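Beneath this line is the structure, given in structure tokens, with notes to follow.
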Amino acid sequence: MADLGSMEPVATFCGNCNCGCPQLFADEAAPAERSTVINDDFGQQARMSADRFGSIVEDAEAGKPDFVAAGEVIPVRG
């Protein structure tokens, strides 16, 4: 897992195992455009603004994004 430093945990996705589940953090010390952090279960990070993260959540809730798994497009359903 990456160094948490100034990051405050917001959510853990899965959390039903001990495998290092993806987590969402708020980094108050980071510039606003990089203050929302997602750590995956391999220790990699994606950083973005809170507004950008909010728009991703809104799109997902509306069923807009599609995900690709094993070469197949899987529509997200609400």
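So for the pair Glu58, Ala26, with labels modelled 7 Å out along Cα→Cβ, what separation do we get in nm?
Result for the modelled spin labels: 1.9 nm.
Hey, got the dipole for segment 16-59? About the Cα centre, +1 on K and R Cβ, -1 on D and E Cβ, debye to the nearest 20?
Around 100 debye, computed over segment 16-59.
What order do Ile38, Ile56 take when sorted by accessible area (1.4 Å probe), most exposed first?
Ile56, Ile38
The values are calculated or read from the model by the stated rules, or taken from the named source; none is laboratory data. This is a predicted model, so every value here is computed, not measured. Backbone-built Cβ (ideal geometry, glycine too); neighbour counts: all protein chains shown. Note: accessible area is taken over every heavy atom of the protein model, side chains too, but ligands, DNA and RNA are not part of it. Shrake-Rupley method; radii C 1.70, N 1.55, O 1.52, S 1.80 Å.
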